[in-house]
Amino acid sequence: MAALTSKDEPRTAEYAGDEVSAIVLDPGYASTRAGFAGEDAPKSIVPSNYAFYQDACLFGDHVIDVPRDNVEIRNPYSRDGIVEDWDTAEKLWKYSFASKLTGIRPNKALQEWLNDVNAVPNLQKAMADAEDTERALEDHPLFMSEPNWNPIKNREKAIEIALEKWAAPAFYISKSSVLSAFSMGKSTALVIDIGASQLSVAAVHDGMILRKSITRSHLGGNYISSQIRSMLATHDPPITINPHYMVKAKQPVDAGQPANAILKTFDQFKQPPQTSYHRYQEEKTILEFKEVCLQTWASGTSFRGQGEAIAREQYAHPFEFPDGYNQTFSSDRFKIVETLFDAQCHSPSPAGSLDAQYYPAPEQNQTIPGLVKLCINQCDVDLRPMLLASVVITGSASLIKGLPDRIQGELTRMYPSTKVRVNAAGMPVERKFGSWIGGSIVASLGTFHQMWISKKEYEEHGASIVEKRCK
Amino acid sequence: MPVSGLSVNPDCVSAFNELKLGRGGPKYIIYKISDDQKEIVVDEIGNEADYDVFREKLVGKKEKSGKDRPSYAIYDVEFELEGGEGKRSKIAFITYINQDSTGVKSRMVYASSRETLKNALNGIAMNWQANDPGELEWADLLKEASKGKAVS
């Protein structure tokens, strides 16, 4: 589909014709991606965390970063990456497309009596009209992606919200690993998805996910963050993160010297922002640390023992914290990633902390090699060589330097008699938004109209139709 | 499974049936997705017995944009069994999508339409997924077709 220029009028939706302006929604634990089908990347990327402030939910980067009186940061997903708080998830998803893509639909309530109380004809009718703002997707079919382990009732809930509340004309939902495999040109693949909340491995065969092969653990991006936290806490001397929002002014200091910064006080608030807000802001510094410092130990020599010593001497990398404190990190920046391969590299979080509760020490079968083994063992013997020859790596956390090469090395060592080939999209955007991009392309095809579940079908068969049609 | 919903042009099936009959019929068929992205059509039919000719053709397909174009193909893999047990042939369904030099759009469209074509062709004996030219080696194809029992 050609991109719209400012001169073009937006096309009207022709759901059964070629020009379908479908919305593609790819919800994740860390961010919610939304955009028009046919585009190269999602236009709207909203953090899935939201600010809870004075009994209201606030969404969007520019809003939730503001320190406020007693503000709390929450997330509508469980740590499994599936929706827990439907009311908020619905608001968040709607925000992700209504704020940047579709806009607020003009309705009678807004146009006629918003500013004139006397013009309200009768309250009941006015309320019914106001309901109309709910019909946010009246002109747009909705294509969604979902985690491989999304329970049936969550899929049914999603179609119900899309078709009933948002009045979308049609709906489709697809497993994200299938979309990732397709976008790499594979209909049979072993997909390793390293997301924020979960690390998952699943086999896709002829475009279908093999349900019993789905394995996963908590070793995702958030787990890596918790490892960085415990590394900083056990550092000598311990390092405290003062996130950007706290720093008023700072002076440069030499490496390893205490920070010379003036921190903000939040006396103007009755209560300072809550711990969850502070953690969310810390997380931004941690993300920067991940991007700058983390690296995967190359396969060949084992990291524990030998590699650790080499890394300590040869691979130091500096990092500056928001308050100006700076330090070089050497073996630690490898050790943190190493936990994804070797459970014994786990550094325990301080006892009693949130991290210790949420991110316990992993078992060896929860690491990447462990999960791959479990997954492969669940698959037919004849299928195994095909899967190992097409391993696809996706997910934002997979962008750690050297990770795909290391996985290639590990799997080759585990399966010496089979050809192993690990594939990861070269462009970071394709790995971050792999399943969104896949959905965008499929949903923009003119011929896809026969796949959509239309509103009429939904009304005839009920929500259970989603299980029959979106396999 | 999010299949693209493309249709299969009837010529695809008739060319396949001709190949299936053997006896001097085509040796290979290359399929592509039409430019309007509505159906799968026959791109090329060939009689050359030399596998390398077929392989070169598959690898050399280009999009209008200059990027490599993916293809589906049917190839009649013939081989001689060991111990003089005679000639055999197997019809292979090949999906060739070079992941390094194609656009994400064509990768996605070809991968998600594959099942449609595969299901339309009755009598495929083996499936082969290749994602770079190195995965189109005759030796590998032969090994898979004969389960390692071929002599040539």
Hits in the range A:425-450 - residues which are more than 10 Å from chain B (Cβ to nearest Cβ) and crowded, with 18+ Cβ neighbours inside 10 Å: A:ARG431, A:LYS432, A:PHE433, A:SER435, A:TRP436
Would you check if there is a residue in the range A:383-395 being touching a residue at least 24 places away in the same chain (Cβ under 8 Å) and at positive phi? yes
Check the range B:105-119 and report whether any residue there is surrounded by fewer than 19 Cβ atoms within 10 Å (Cβ to Cβ), within 12 Å of the chain's Cα centre (by Cα) and more than 14 Å from every other protein chain (Cβ to nearest Cβ). no
B:ARG69 versus (1) within 14 Å of chain A (Cβ to nearest Cβ); (2) without any contact (Cβ under 8 Å) to a residue 24 or more places away in the chain; (3) open to solvent by 20 Å² or more (accessible area, probe 1.4 Å): which is the lone unmet condition? (2)
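Let's see how each residue does on (1) touching a helix residue (DSSP H, G or I) at 6+ places or on another chain (Cβ under 8 Å); (2) assigned to a loop (DSSP other than H, G, I, E, B); (3) surrounded by fewer than 11 Cβ atoms within 10 Å (Cβ to Cβ):
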{"position": "A:ASP236", "(1), (2), (3)": "no, yes, yes"}
{"position": "A:ILE239", "(1), (2), (3)": "yes, yes, no"}
{"position": "A:LYS250", "(1), (2), (3)": "no, no, no"}
{"position": "A:ASP254", "(1), (2), (3)": "no, yes, yes"}
{"position": "A:PRO258", "(1), (2), (3)": "no, yes, yes"}
{"position": "A:ALA261", "(1), (2), (3)": "no, no, no"}
{"position": "A:THR265", "(1), (2), (3)": "no, yes, yes"}
{"position": "A:PRO272", "(1), (2), (3)": "no, yes, no"}
{"position": "A:GLU283", "(1), (2), (3)": "yes, no, no"}
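Here's the yes/no breakdown for (1) aliphatic (A, V, I, L, M); (2) outside any strand (DSSP E or B); (3) open to solvent by less than 40 Å² (accessible area, probe 1.4 Å):
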site	(1), (2), (3)
B:SER14	no, yes, no
B:LEU19	yes, yes, yes
B:ILE30	yes, no, yes
B:ILE40	yes, no, yes
B:GLU48	no, yes, no
B:ASP52	no, yes, no
B:GLU56	no, yes, no
Members of the range A:291-307 that are open to solvent by less than 40 Å² (accessible area, probe 1.4 Å) and not β-branched (Val, Ile, Thr): A:CYS293, A:LEU294, A:TRP297, A:PHE303, A:GLY307
Selection count, the range A:35-88, where residues are assigned to a loop (DSSP other than H, G, I, E, B), open to solvent by less than 50 Å² (accessible area, probe 1.4 Å) and not charged (D, E, K, R): 15
How many residues, within the range A:208-234, are outside any helix (DSSP H, G or I) and crowded, with 23+ Cβ neighbours inside 10 Å? 4
Matching entry among B:LYS64, B:LYS147 (being open to solvent by 40 Å² or more (accessible area, probe 1.4 Å), within 14 Å of chain A (Cβ to nearest Cβ) and of a type in the set (D, E, K, R)): B:LYS147
Mind counting the residues in the range A:341-359 that are touching an Asp or Glu at 6+ places or on another chain (Cβ under 8 Å) and within 19 Å of A:GLY370 (Cα to Cα)? 3
Condition first: outside any helix (DSSP H, G or I) and in contact with a Lys or Arg (Cβ under 7 Å, 6 or more places away or on another chain). Now tell me which residues in the range B:108-124 satisfy that. B:GLY123, B:ILE124
All conditions in (1) outside any helix (DSSP H, G or I); (2) under 28 Å from A:HIS205 (Cα atoms) are true of B:GLY66 except (2)
When you scan the range A:375-385, do you find a residue that is buried (at least 19 other Cβ atoms within 10 Å of the Cβ) and over 30 Å from A:ASN260 (Cβ atoms), even just one? yes
Within the range A:321-365, restricting attention to residues that are in a helix (DSSP H, G or I) and over 22 Å from A:THR301 (Cα atoms), which residue is least open to solvent (accessible area, probe 1.4 Å)? A:ASP355
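Yes/no per residue for (1) closer than 28 Å to B:SER4 by Cα; (2) touching a helix residue (DSSP H, G or I) at 6+ places or on another chain (Cβ under 8 Å):
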| residue | (1), (2) |
| --- | --- |
| B:VAL41 | yes, yes |
| B:LYS61 | yes, no |
| B:SER65 | yes, no |
| B:LYS105 | yes, yes |
| B:THR116 | yes, no |
| B:GLN129 | yes, yes |
| B:LYS143 | no, no |
Hey, among the residues in the range A:161-184 that are closer than 21 Å to A:LEU403 by Cα and facing chain B (nearest Cβ under 10 Å), which one's surrounded by the fewest Cβ atoms within 10 Å (Cβ to Cβ)? A:MET184
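The values are calculated or read from the model by the stated rules, or taken from the named source; none is laboratory data. Keep in mind the model is a prediction, meaning the values are calculated, not measured. In this analysis, Cβ positions are derived from the backbone assuming ideal geometry, glycine residues included, and neighbour counts consider all displayed protein chains. These accessible areas exclude ligands, DNA and RNA; they are computed on the full protein's heavy atoms, side chains included. Shrake-Rupley method; radii C 1.70, N 1.55, O 1.52, S 1.80 Å.
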